[in-house]
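This report refers to the structure that appears directly beneath it.
The values are calculated or read from the model by the stated rules, or taken from the named source; none is laboratory data. What you see is a predicted model, and the numbers here were worked out from it, not measured in a lab. A quick note on method: Cβ atoms are made from the backbone with ideal geometry, for glycine too, and the neighbour counts reach across all protein chains shown. These area figures cover heavy atoms from the full protein model, side chains too; ligands, DNA and RNA do not enter into them. Shrake-Rupley method; radii C 1.70, N 1.55, O 1.52, S 1.80 Å.
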Amino acid sequence: MPGAGPNVTRVVKLSVIVPFYNVQTYAPDTLKSLAANSREDFEFLLVDDCSRDETPRILARAERELPGARVLRHEKNGGLATARNTGLDAARGEYLTFLDGDDWLAPGYLPELLRVIAELGCDFVRTDHVQCTAKARTVHRVPHGRRGVVLDPRAAILPADRSTSVDYAYAWAGIYHRRLLDGGVLRFRDGLRTAEDRPWIWRLHREARSMAVTGLLGVFYRRGVASSLTQIGDVRQLDFIRAFDQVIEETAQDRDAQLLLPKAVRTYCAIISHHLGSIERFEPPVARKLRAMSAAAMKRMPQDVLKEALDSMDVQRAARLRRLRRRPSPGTPAAEVAA
């Protein structure tokens, strides 16, 4: 801009929030992919969640070399949800998106994604992605058929018995207008170590006014990373219960609670069943805690809605969950259990 001095504030069109935690092996590829997507009106908010390996050194170099990069450092590890919130607090862009510190983007993907949402004029756009496990590549699509048209996000939550857009909970698979951040819709629940995207995606669909889906492929999601919480059977995995409790609680207060709760309860039950089906990956004390916390969670659900959800499930999952439902809570009288 002619005559612009050094103190002129740079207009930011897109803020890209990228948490990093002990990902020294993958961070260079992530940062290289950001460089292949840089533009003078983009900013890259690199959140170091108190890494203990070489990640801070890698990020310090990126802050010097990647245009628009800023490193935000946590004094203690807070988890992915808290790290994303740190990025949201610092973001200046008209639009926002996310990436995880061990994933990467195709060259030119972000400008194209920005073009899509700007042309459609909606609150958010969800996009397909490529899942990468070792050398295998698999395309995963947003479970919604209509592409490139503006839709009502609430209408994309149902039906209850099929996979829908709220089951495709990846925050990084999309782009979001700043008005959602200003309205409090984009923040995550601080401290959640896993399933942090679940309450977030439900709130997004309940409270945003417009959305669209695009088949644009450009996010590469790395699966099977040894340090990922999805690969670790420790107590942090149990945060999915807190996450889904929040989904149920907030959905129960929605004006369409009667319509939406069956979907929320059925999804919660399916996730519980999934964890019970692979319970051998947990240490015995964590496995016991998983059973106890899951049984208590089922008792907190609306019981009429829970019964309908179990009746609609396949025999194996329903039987597993009904056995868990009959599990006595600590201090439950024997006569009450027998009843």
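Here are some notes:
- Distribution of pairwise C-alpha distances over the chain, 20 Å bins, in %: 29, 56, 14, 1, 0
- Shape box of region 172-316 [Cα atoms, principal axes, largest first, Å]: 45, 40, 28
- With coordinates expressed along the principal axes, the C-alpha atoms belonging to region 67-203 extend over 43, 38, 33 Å, beginning with the largest.
- Area accessible to solvent at Cys122, 1.4 Å probe radius, in Å²: 0
- The chain, relative contact order in percent, only Cα pairs under 8 angstrom and at least six apart counted: 16
- Accessible heavy-atom area order of Arg126, Arg154, highest first, probe of 1.4 Å: Arg154, Arg126
- The stretch between Arg327 and Glu283, if pulled fully straight at 0.36 nm per residue, gains 13.8 nm over its current Cα-Cα span.
- Centre-to-centre, using Cα atoms only, region 238-259 and region 62-84 are separated by 30 Å.
- Between Arg115 and Cys50, the modelled labels are 4.3 nm apart [label points 7 Å from Cα along Cα→Cβ].
- Net charge contributed by nearby residues that have their C-beta within less than 13 Å of Asp100 (K/R +1, D/E -1): -3
- Placing +1 on each Lys and Arg Cβ and -1 on each Asp and Glu Cβ, with no other charges, gives the chain a dipole about its Cα centre of roughly 780 debye.
- Inter-probe distance in nm under a simple model that places probes 7 Å from Cα toward Cβ, at Val150 and Asp41: 2.0
- Protein-only accessible surface at a 1.4 angstrom probe places the residues Tyr168, Tyr26, Tyr21 in the order Tyr21, Tyr26, Tyr168, largest first.
- Tyr221 long-range amide H proximity, modeled H, under 5 Å: Val130, Gln131, Cys132
- Translational diffusion coefficient of region 1-118 (Stokes-Einstein, Kirkwood radius from Cα pairs, 4 °C, 1.567 mPa s): 89 µm²/s.
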